[in-house]
Amino acid sequence: MTTFPNGFLWGASTAPHQIEGNNVNSDWWAQEQVTPGMELSGDAVDSYHRYREDIQLLADAGLNSYRFGIEWARIEPLPGRFSKAELAHYRRMIDHCVELGITPVITLQHFTTPLWFAKDGGWSAADASDKFERFVTEATTILDGVEWVATMNEPNMQAAIMTAMKRMQEQAGGQWQSPTVEADSDEDREQASRNFLTYADPTISRKFVDIHHAAREILHARTDAKVGWTIAAGALTAAPGGEAKLEEIRYGKEDIFWEGSRGDDWVGVQAYSSQEVDATGLVPHPKRPDNTLVGTTYRPDSLEMAVRHATEVTQGVPIIITENGIATRDDAQRIRYTDEALQGLHHAISDGIDVRGYLHWTLLDNFEWGHWEPTFGLIAVDRDTFERSPKPSLAWLGAVAARNGIA
Ligand code: FCB
């Protein structure tokens, strides 16, 4: 048996907009109503009301940690007007975790923002950081006793989403395609590298780093939490002749953000697949029969690759795997993928890399940013009755957690 470090966190991750339902004051909700090709989040899977059941299922399976987000759009529905009731709602979630012996890992911002913030220029506005800092300050009032806090989820992916939405607005008649879902194979590599160029806009990337540092300072001053953020890791590799382009692309897509983690208490690594870079840019995922429902290749080894890269660029900041999983209808494939990913993770830990936990993406099948088809969940949900049906993968991961090891 392969054993993980003592006190290792084993759990699952979620994001508020993807599971709660009726997040009506957010920028995403507004976008969904007007964007062709985008499915609606609607009631999502009603976890806003059913979080007790969801956390109970996670605990009953044997997991010991739950990553969830608090929704800025609910907590601050109007600029500077905070809802005490919504803050209390999220505090109840934290308390429920603690009662069940579950360590909460809290994300303060996961892709969505209040609609008023978006209308006022979003992250591009000159005072975006001031607004976020005001929210973070208020959020600290409910974080007593919370050990792990992420300021933001995947600022690098947020930059991509901002770009995709802008492109939609510019191209009347275009169809929505979430950047978390690979474009169909007919999207050419030229499109992929053009996407990259906007991802790499250093002005917005550096701004995210500055905003993160400002939020970190507030959290350190007002709480005892360990503070970090979570980053989308591409596990990029060079095709022959692509070495220089790899460095360039990886810097813009990731490394600027890993560098921004230096001085943090921890960093969240989020890995799903791996991709090549050749001399002209990112190579689209090859079409294989076992490609995932989001069009990426089946690459459980991407987790180990991502962890090794993260530790190198952050210069050894402690890591939590805050997302890793697979969009598939075949739950046996999910178990196989996770088992292989954990084998690789264990190799990295054996080499001395400081990894504190593994939180699988995701607890529940959910709203995948404009698409309902890709199912990443350990639990299936009937979207009419909201009945939860745990899949075998939930019990499997719970058993791994209970023995703190893989067979
Ligand atoms: C990540 C996001 C998460 C989910 C997974 C599949 O990029 O953080 O919300 O969409 O991908």
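The values are calculated or read from the model by the stated rules, or taken from the named source; none is laboratory data. Predicted model only: the values in this text are computed from it and were never measured. FYI the Cβ positions are ideal-geometry reconstructions off the backbone, even for glycines, and counts take in every protein chain you see. For accessibility, only protein heavy atoms count, side chains too; no ligands or nucleic acids. Shrake-Rupley method; radii C 1.70, N 1.55, O 1.52, S 1.80 Å.
Return only the number of the condition from (1) assigned to a loop (DSSP other than H, G, I, E, B); (2) more than 16 Å from the ligand (Cβ to nearest atom) that TYR298 does not satisfy.
(2)
If a residue has to be without any contact (Cβ under 8 Å) to a residue 60 or more places away in the chain and either among the basic types (Lys, Arg) or farther than 22 Å from PHE4 by Cα (or both) to count, how many in segment 288-313 make the cut?
Final tally of qualifying residues: 8.
With respect to THR322, is the statement that it is open to solvent by less than 40 Å² (accessible area, probe 1.4 Å), within 12 Å of the ligand (Cβ to nearest atom), hydroxyl-bearing (Ser, Thr, Tyr) and not in a strand (DSSP E or B) true?
no
List the pairs whose first member sits in segment 321-339 and is farther than 18 Å from GLU368 by Cβ, whose second member is among the hydroxyl-bearing types (Ser, Thr, Tyr), and whose Cβ atoms are under 6 Å apart, counting only residues at least 6 apart or on separate chains?
ILE321/TYR358; ILE335/SER393
Identify all residues within segment 111-132 that are among the polar types (S, T, N, Q) and within 16 Å of the ligand (Cβ to nearest atom); write none if there are none. Quick ask: steps written out before the conclusion?
Of all residues in segment 111-132, those among the polar types (S, T, N, Q) come to 112-113, 124, 129.
Within segment 111-132, THR112, THR113 meet the criteria.
Output the number of residues of segment 17-52 satisfying the condition of being among the polar types (S, T, N, Q), within 14 Å of TRP369 (Cβ to Cβ) and modelled with pLDDT of 95 or more.
Going through segment 17-52 one residue at a time, the tally reaches 4.
Give me the residue from segment 116-169 that is basic (Lys, Arg) and out of contact with any helix residue (DSSP H, G or I) (no Cβ under 7 Å at 6 or more places or on another chain) and, out of that set, modelled with the highest pLDDT.
If we take residues in segment 116-169 being basic (Lys, Arg) and out of contact with any helix residue (DSSP H, G or I) (no Cβ under 7 Å at 6 or more places or on another chain), then ARG134 is modelled with the highest pLDDT.
Quick one: which residue in LEU40, LEU9 is crowded, with 23+ Cβ neighbours inside 10 Å and aliphatic (A, V, I, L, M)? Explain how you work it out, then say what you get.
Working: LEU40 fails: crowded, with 23+ Cβ neighbours inside 10 Å.
Of LEU40, LEU9, the one residue that is crowded, with 23+ Cβ neighbours inside 10 Å and aliphatic (A, V, I, L, M) is LEU9.
Assess whether GLY80 counts as being open to solvent by 10 Å² or more (accessible area, probe 1.4 Å), farther than 30 Å from ARG403 by Cα, away from the ligand (no atom under 16 Å from the Cβ) and touching a residue at least 24 places away in the same chain (Cβ under 8 Å). Break it down into steps so the answer makes sense when it comes.
Values: open to solvent by 10 Å² or more (accessible area, probe 1.4 Å): yes; farther than 30 Å from ARG403 by Cα: yes; away from the ligand (no atom under 16 Å from the Cβ): yes; touching a residue at least 24 places away in the same chain (Cβ under 8 Å): yes.
Yes; evaluated as a whole, the condition is true for this residue.
Which ones in segment 16-37 are crowded, with 19+ Cβ neighbours inside 10 Å and touching a Ser or Thr at 6+ places or on another chain (Cβ under 8 Å)?
Hits for segment 16-37 are PRO16, HIS17, GLN18, ILE19, GLU20, GLY21, ASN23, SER26, ASP27, TRP28, GLU32.
Quick test for you: out of GLY344, GLY377, GLY405, GLY370, pick the one residue that is open to solvent by less than 20 Å² (accessible area, probe 1.4 Å), touching a Ser or Thr at 6+ places or on another chain (Cβ under 9 Å) and under 16 Å from GLY7 (Cα atoms).
GLY405
Have a look at ALA59, ALA88 and point out the one that is farther than 30 Å from ALA395 by Cα and either within 16 Å of the ligand (Cβ to nearest atom) or part of a helix (DSSP H, G or I) (or both).
ALA88
Would you point out the residue of segment 343-385, among those that are among the hydrophobic types (A, V, I, L, M, F, W, C) and in a helix (DSSP H, G or I), that is nearest to the ligand (Cβ to nearest atom)?
LEU345
Going through segment 227-245 one residue at a time, which ones are touching a strand residue (DSSP E or B) at 6+ places or on another chain (Cβ under 7 Å) and either β-branched (Val, Ile, Thr) or surrounded by fewer than 20 Cβ atoms within 10 Å (Cβ to Cβ) (or both)?
VAL227, THR230, ILE231, THR237, ALA238, ALA239, GLY241
Is there a residue being among the hydroxyl-bearing types (Ser, Thr, Tyr) and part of a helix (DSSP H, G or I) anywhere in segment 387-398?
Yes: one or more hits.
Kindly provide the set of residues from segment 133-161 that are touching a strand residue (DSSP E or B) at 6+ places or on another chain (Cβ under 7 Å), away from the ligand (no atom under 11 Å from the Cβ), open to solvent by 10 Å² or more (accessible area, probe 1.4 Å) and not acidic (Asp, Glu), ordered by number.
TRP148
With at pLDDT 95 or above, open to solvent by less than 20 Å² (accessible area, probe 1.4 Å) and away from the ligand (no atom under 16 Å from the Cβ) as the only criterion, which of THR328, THR314 stands out? Explain how you work it out, then say what you get.
Details: THR328 fails: away from the ligand (no atom under 16 Å from the Cβ).
After applying the criteria, what remains is THR314.
Just to verify a result, which residue in segment 1-49, among those that are assigned to a loop (DSSP other than H, G, I, E, B) and closer than 21 Å to HIS96 by Cα, is nearest to the ligand (Cβ to nearest atom)? Write out each step before concluding.
Looking only at segment 1-49, we keep the residues that are assigned to a loop (DSSP other than H, G, I, E, B), and these are 1, 4-8, 14-15, 20-25, 35-46.
So of that shortlist, the ones also closer than 21 Å to HIS96 by Cα come out as 7-8, 14-15, 20-21, 45-46.
Working: GLY7: 25, PHE8: 22, THR14: 8, ALA15: 5, GLU20: 13, GLY21: 16, VAL45: 14, ASP46: 18 Å.
Going through the qualifying residues, I end up with ALA15.
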